[in-house]
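Trainee: Mind having a look at this structure? Questions to follow.
The values are calculated or read from the model by the stated rules, or taken from the named source; none is laboratory data. Since the model is a prediction, treat every value here as computed from it, not as a measurement. Every residue, glycine as well, gets a Cβ built from its backbone with ideal geometry; the counts of neighbours run over all protein chains shown. Just so you know, the surface numbers come from the protein's heavy atoms only, side chains and all, with ligands and any DNA or RNA stripped out. Shrake-Rupley method; radii C 1.70, N 1.55, O 1.52, S 1.80 Å.
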Amino acid sequence: MADPRNRDGSGPTGEHDSPGVFRRAGDPGKPDEFERLYRQRESEQRSLGGARRVPTAEEAPPRRRAPEPRSSRQRRTHGAAREYDGTGRARRAKERRGNRVRNIALTVVAVLLVVLIVPPAAVYLWADGRLTRVDALGDYEDRPEEQPGTTYMIVGSDSRDGLSDEEMDELATGYAEGRRTDSIMVLYIPDDGEPTIVSVPRDSYVPMAIPGFADNKINTAFADAVCGTNEAGEEVCGGPGPLVETFERASGVRVDHYVEIGMGGFVDLVDAVGGVELCPEEAMEDPKAGLDIEAGCQLMDGGTALGYVRTRATPRADLDRIQRQREFFSVLVETASAPSTMFNPFRALPLVAAGTDTFMVDEDVHLRHLVTMMLAMRGGTQTTAVPVGETPTLEGVGSVVLWDEVRSEEMFAAMRAGEPIPESAMQD
């Protein structure tokens, strides 16, 4: 609003010259900033009804697409730039692809399991079913209770079962009927320590478990021709059960498993592994055992190895034979459990067939127990024998072996306690 004090002329500032009209300084021929902000746009200054020019195709702005319905509109995530269509089709397709991959993987795994497990399992069941089982661990009165550690009684029988007349002639086994034992060993596996193979002299003079028989050689308890009658009037003959009971009563050591092999199985086992390398210190010849070999290390087949462990034609007779049996058994186990045998089907299968065809075991033994036995004897196994005190000749019995009472009790006490056998109780 104009200043009433300066109505008649310009004021001191000269910014207006008539009542109610504002003037701005500057060039009157040029629009100032105020006019540029508020003057009409060029399009508004056109006269109504004027012709309007249609822009050319090049001048026309690009057309905007109409928005699609929300149900089919695509949206994009900020991070991974993954597109979703809102229907879940992509997710379900991805899940189907993932399921197919998993199904293929599961199928491959299943096939591998079948290939790797079924054939070995079938072989295991086949071999386990071939084992002959006998009642060797009887539950008699005063039998030793369960003890720490594990014990296997391993018996070599002179049974000729399975041998033809020609084979008996070739192996010089003779034609004796029935069965006896020339080899009795106990594999002892302590709870903590190395396993030990303990040879039991076959002429050990001990109380018999057969009714009507007093003290006699321990192998008498195995002879099926030796029989007696118990208090119930039942006939009891020698065999695995009386042999185990006789040893348990004499030593106080409980036997956990029983394993027996005859001559025919012995030969087949050695031949199945391709022979065993043994090292006699002297040349040996024994027509009774069918043996004629030179001194030094040599590869022996089944027949030669059988004669080597049977012969008694040496200065210490049975004691020397015990040492050879321990030597042979250690070498056989090492050869049978070597990778060149275990992973060679042309040796492993004949070995399993030969072993299971001739082994006789107690009713609780299965193939896995035999494998455990073999592996236990493979590495670091010590070999010894029940300590011998005297070897007198007794009337009506013959030459016998008397155990060293002090050292043998030291050995058996360690076995009963599940402890390693002390060096002082070891017998060469």
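Trainee: Spot the failing condition for Lys288; the list is (1) in contact (Cβ under 8 Å) with a residue 60 or more places away in the chain; (2) surrounded by 15 or more Cβ atoms within 10 Å (Cβ to Cβ), and only one is missed.
Mentor: (2)
Trainee: Run down Ala289, Ala305, Ala214, Ala317 and say which single residue is of a type in the set (Gly, Ala, Ser) and either modelled with pLDDT of 85 or more or within 25 Å of Thr132 (Cβ to Cβ) (or both).
Mentor: Ala305
Trainee: Now for a separate question. Could you tell me how many of the residues in region 239-261 are in a loop (DSSP other than H, G, I, E, B) and buried (at least 24 other Cβ atoms within 10 Å of the Cβ)?
Mentor: Looking only at that region, the number is 0.
Trainee: For region 339-371, give me each residue that is acidic (Asp, Glu) and either closer than 11 Å to Asp128 by Cα or open to solvent by less than 90 Å² (accessible area, probe 1.4 Å) (or both).
Mentor: Within region 339-371, Asp357, Asp362 qualify.
Trainee: For region 262-285, enumerate the residues that are assigned to a strand (DSSP E or B) and either open to solvent by less than 10 Å² (accessible area, probe 1.4 Å) or more than 17 Å from Glu327 (Cα to Cα) (or both).
Mentor: Passing the criteria: Val276, Leu278, Glu285.
Trainee: Still on this model: Output the residues belonging to region 196-226 that are open to solvent by 10 Å² or more (accessible area, probe 1.4 Å), closer than 15 Å to Met153 by Cα and not polar (S, T, N, Q).
Mentor: Matches in region 196-226: Arg202 only.
Trainee: Does Gly233 satisfy being in contact (Cβ under 8 Å) with a residue 12 or more places away in the chain and not in a helix (DSSP H, G or I)?
Mentor: Answer is no for this residue.
Trainee: Now for a different question. Give region 210-223 a look and list any residue that's in contact (Cβ under 8 Å) with a residue 12 or more places away in the chain and in a loop (DSSP other than H, G, I, E, B), or say none.
Mentor: Passing the criteria: Ile210, Pro211, Gly212, Phe213, Phe222, Ala223.
Trainee: From the residues in region 312-331 that are assigned to a helix (DSSP H, G or I) and either of a type in the set (Val, Ile, Thr) or in contact with a Leu (Cβ under 7 Å, 6 or more places away or on another chain) (or both), which one is farthest from Gly296 (Cα to Cα)?
Mentor: Ile322
Trainee: Scan (1) of a type outside the set (Lys, Arg); (2) under 29 Å from Glu194 (Cβ atoms); (3) over 36 Å from the mean Cα position of the chain (by Cα) for the single condition Asp292 breaks and write down its number.
Mentor: Asp292 satisfies all of (1) of a type outside the set (Lys, Arg); (2) under 29 Å from Glu194 (Cβ atoms); (3) over 36 Å from the mean Cα position of the chain (by Cα) except (2).
Trainee: Now a separate question. Every residue in region 372-428 that is loosely packed, with under 15 Cβ neighbours inside 10 Å and in a loop (DSSP other than H, G, I, E, B), please.
Mentor: Gly379, Gly380, Pro392, Glu395, Gly396, Ala417, Pro422, Asp428
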